Every structure is written in C-alpha cells, then in structure tokens.
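The values are calculated or read from the model by the stated rules, or taken from the named source; none is laboratory data. Model, not experiment: these values are computed from the prediction. We place every Cβ from the backbone using ideal geometry, glycine too, and count neighbours over all the protein chains shown.
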Amino acid sequence: MREALNAEVSRETSSTAATATVSPPSGEVRPSPAGNETPIARAAAAALEVTGRRASKVWPRPAACRVITIANQKGGVGKTTSAVNLAAALAMHGARVLVVDLDPQGNASTALGVDHHHQEDTPSVYTVLTDGVPMDDIVVAAPELPNLYCAPATLALAGAEIDLVPMVARESRLRRALDAYDKQQFDYVLIDCPPSLGLLTVNALTGGEELLIPIQCEYYALEGLSQLLHTVDLVRSHLNPDLRISTILLTMFDARTRLAAEVAQEVRNHFGELVLSTVIPRSVRVSEAPSYGQSVLQYDPGSTGALAYTEAAHEIAKRGAKGGEA
C-alpha cells in the first residue's frame, strides 16, 4: 500500500512540476507548453504564475478582526481542510490568525500540531462553552507556524450538545467568550464546525460575522444546503443579525469529470459573486499533510492543493481589505 501511495504522490508532484518553468533572470513564472495539455495542468500553471507575481507583495489586512464561520452540515466537503489551509496561507502572509476548533473530532487541532488528546489535562473549547473558562486560558500557538493560533477541541466536546441544553443563553456562549476575549489582536478568527446543525454549529453561527460554505464538486453537493441556509436565516432573525454569507468555496474539484464542472457552474449560477474564482482540486498532498501535523502549504508548498489554497486565501484577504487589492 505504501508503494502505491508513493507512486500516486510521485505522479501528482511530477504533474505539478511540469506545469511551469522559472526564468532565472527575472523570476517570472511561465507555463510550459507540455504543462498546458490538461485542465489540471493549466489550473496549476495559472496558480503558480499568480503566486509568483504576488510572492514579494504584502497581502491586504482587514481594518478589524474578521470572524469567519466555516460550516456545512454535510460531512467530507473540506471544512476542516479549508479552515486549516486558509489559516496557514493567511498567517504565512503576515496576518495573525486564530482557528477555533468546534469539531469534537479535533481534526483542525491535529492538523495544526496542537496536542489535544489528553482531555483531562487540556483546556479546550469544551471548558469555554460549558464552564465559562476564558479563551485566554485555552488559546495556544501552532508550534510550526508563526502568527497562527488554535483554540483546541477534545473528545469531551462530543458531550457539549447535551451539556448545553439546560444552560442559559446556550446558543450564544461562544459569542460571549469571543466578545470577552481580545480578538482584535488577530486579523482573522476562523471557526471550524462539525458536520451537523446542532448547538455547536449554532454557537459558531451566532459567534461569527461571516459564513464561508465549502461545497464539494460532486452530485450530493447541494443536498441539504437549503437546510443550512434556513438555519442561517433563523440565526440571523433571532440571534445574530450581523451574520452574512460572504464566501462560497468549491472543493474537491476533479477536472477529469464533466459532473464536477456542471456542479461548479450550478453553484456559480446560484450564488454569483459569493463564489471564489479559485477552485480547490482533489490532491493527495492535501490528504497527507494532517498526518504530519502540518498544513499542505508546509508539507508540500508546490503542490496543486497548496497553490489553490494560497490563491483562495488571497481572494478572501482582498474581499475584506482595508487597503484594497494587493
């Protein structure tokens, strides 16, 4: 199995490497003729060219901290992967970023290299929600990436859905914790949600100002999306009138299939300018990176997934910039 995995990784790396050549005198990245033979190669070449142009530029910074909830009740659409890699890309370009892990599986904490498995000894989001522990007591720095911080989740968070039921203001406990915390020390707070529309996700929607929805480019992508939008309307009406859908991110795009293109087009027709221009492709490297406690941008910065998430993060930064485009 290891040999097969290595072979798959080699094919992806070779494909990425073939998409562009660098001119030594100027450093300009140009797509090579051989790399433009497939849609994936063309997309990778374009991303590499854009990344090369922007490598020396400072990304725009928001005037105030942007609190972005990343949610979709459908599992496996790339919520955690997107939260971690967008956060890493923003942090690598000078922004200070906090990732709040609201998924009991704690995958975002794992991907950021934060120890969260000893739930008895680890202050976590669970203690913030149920015991009123200040966020200051649980936020830790990601060990391998400056400017990136995490409010970790432990398995105890799995019981929060039940424990929160009898509590006063159960839907607003995360918002109160964030309001009491000096979140203005960050440029972005990204809240990673579980694949459900329970109290944890409602807390995330109540605590956020923006909603980013990752949508998988497959047949079931839009199944249940109407329920999420209905929940957003309810939260906006009763709990958080400032909540707005700011971003739609297309994930797991497979250019070999017509279905992926059709789903992407349908999403763009429905949501218009909310959809980022950048599409996240399927990538072996993206799947491997969390097992090393890293984002894909650290694990393999030249991979198609890393390039795509870098470009997506740049789009997000431009949309909320105080100084316009970079």
Counting just the residues of the stretch 118-145 that are in contact with a Leu (Cβ under 6 Å, 6 or more places away or on another chain) and part of a loop (DSSP other than H, G, I, E, B), which one comes out surrounded by the most Cβ atoms within 10 Å (Cβ to Cβ)? A142
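Among the listed residues E262, E315, E311, E273, which satisfies the condition of being more than 30 Å from D115 (Cβ to Cβ) and buried (at least 16 other Cβ atoms within 10 Å of the Cβ)? I'd like the intermediate steps shown before the answer.
Numbers: E262 fails: buried (at least 16 other Cβ atoms within 10 Å of the Cβ); E315 fails: buried (at least 16 other Cβ atoms within 10 Å of the Cβ); E273 fails: buried (at least 16 other Cβ atoms within 10 Å of the Cβ).
When all the criteria are applied, what remains is E311.
Scan the stretch 95-111 and give yes if some residue there is part of a loop (DSSP other than H, G, I, E, B) and among the charged types (D, E, K, R), otherwise no.
The initial filter retains those residues of the stretch 95-111 that are part of a loop (DSSP other than H, G, I, E, B), namely 95-96, 102-106.
Subsequent filtering for residues that are among the charged types (D, E, K, R) retains 96, 103.
Yes, the stretch 95-111 contains at least one residue that is part of a loop (DSSP other than H, G, I, E, B) and among the charged types (D, E, K, R).
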With S277, S237 as the choices, which residue is in a strand (DSSP E or B), small (G, A, S) and in the same structural domain as V84 (by TED's automatic domain parsing)? S277
If we scan the stretch 187-197, do we find a residue that is more than 16 Å from the chain's Cα centre (by Cα), more than 24 Å from D137 (Cα to Cα) and in contact (Cβ under 8 Å) with a residue 60 or more places away in the chain? yes
Of everything in the stretch 240-259 that's of a type in the set (A, V, I, L, M) and not in a strand (DSSP E or B), which residue is surrounded by the most Cβ atoms within 10 Å (Cβ to Cβ)? L243
Test: L112 is at pLDDT 95 or above, crowded, with 21+ Cβ neighbours inside 10 Å and not charged (D, E, K, R): no
Based on what the data block shows, is E223 over 19 Å from the mean Cα position of the chain (by Cα) and touching a residue at least 60 places away in the same chain (Cβ under 8 Å)? yes
Give me a count of the residues in the stretch 130-187 that are more than 27 Å from L297 (Cβ to Cβ) and small (G, A, S). 9
Residue check: is G302 in the same structural domain as S196 (by TED's automatic domain parsing), touching a Ser or Thr at 6+ places or on another chain (Cβ under 8 Å) and small (G, A, S)? yes
Here, helices (runs of 4 or more DSSP H) confined to the stretch 146-229 with at least 2 residues that are crowded, with 18+ Cβ neighbours inside 10 Å and touching a strand residue (DSSP E or B) at 6+ places or on another chain (Cβ under 8 Å) are 173-180, 199-207
Let me spell it out: the conditions are (1) at pLDDT below 95; (2) within 24 Å of L225 (Cα to Cα); (3) not in a helix (DSSP H, G or I), and I68 meets all of them except one. Which number is the exception? (1)
Flag if G293 is within 18 Å of the chain's Cα centre (by Cα), at positive phi and in contact (Cβ under 8 Å) with a residue 40 or more places away in the chain: yes
